[in-house]
Structure formats: C-alpha cells, structure tokens
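Every number here is computed from the coordinates shown, using simple stated rules; none is lab data. Please read these numbers as outputs of a predicted model, since none were measured by experiment. Note that each Cβ is placed from the backbone with ideal geometry, even for glycine, and that neighbours are counted across all protein chains shown.
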Amino acid sequence: MLVELKSGETLNGLLINCDTWMNLTLREVVQTSADGDKFMRLPEIYVRGSTIKYLRVPDEIVEVVKEQQAKDQANRGGRGGMHQRGDHR
C-alpha cells in the first residue's frame, strides 16, 4: 500500500498493523523523499497516524474485505433466533 505523509514523503510497503488512531506498521518499505530524489529501503517502519496525508489501498484488497464483511454479516443472522428475550420454557 502507498502512504503519503504530510511532509510530502511517500512510503510503499506491506501493511502489517493498523490501530484505532490509524498508526501503521509497514514491512518491506521503500521510502521516497518529498522531492523524489532519494529512495531508501527499510525492513520495517512505524507511522504515526497524525502524520498521514492519505493512503492508497489496492482495489483487490478492498474487494476482499468487502466480501469478508458480507460473509460475516450473513453468518451473524438477522433478528430473532432460537433464544430470544422473554423466551421462557
């Protein structure tokens, strides 16, 4: 995934973790300077969420997540079920 920071730097790597505050951990990262002249390869980097300008996630990943959410929602079931409130037997 691609991460652009508010400083203008970009990071391109594999997303390992994302927390509630959008702090990210990326692996196999290529860091590009704001002017695009310098490139660095890093094994891992932690990015504070407040420094992120935007994220670009591949469409394939977005589709996989949507499918998983649809399956999870279908498996959850709807209203009611066997054991409802007030069901005394």
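Between the listed residues Ser7, Tyr46, Thr20, the Cα displaced farthest toward the positive end of the dipole of the chain, a dipole computed from Cβ unit charges relative to the Cα centre, is found at Thr20.
Amide H contacts of Glu9: Ala34, each under 5 Å away and 5 or more positions distant or on a separate chain (H built 1.01 Å from N in the peptide plane; Pro and chain starts excluded).
Under the convention that each Lys and Arg Cβ holds +1 and each Asp and Glu Cβ holds -1, the size of the dipole of segment 2-75 around its Cα centre is about 200 debye.
Coupling constants for segment 29-41 follow from the phi torsions by the Karplus curve (6.51 cos²θ - 1.76 cosθ + 1.60, θ = phi - 60°), and in residue order they are 9, 10, 9, 10, 5, 4, 8, x, 8, 10, 10, 10, 9 Hz; glycine and proline get x. Each Cα pair under 8 Å and six or more residues apart adds its separation to the average, and for the chain the resulting relative contact order is 25 percent.
Every helix of 4 or more DSSP H residues in the chain counts as -39500 (n - 2.57), and over all residues that averages to -7000 deg cm²/dmol at 222 nm. Between the Cα long axis of helix 59-76 and the first principal axis of the chain there is an angle of about 20°, rounded to the nearest 10.
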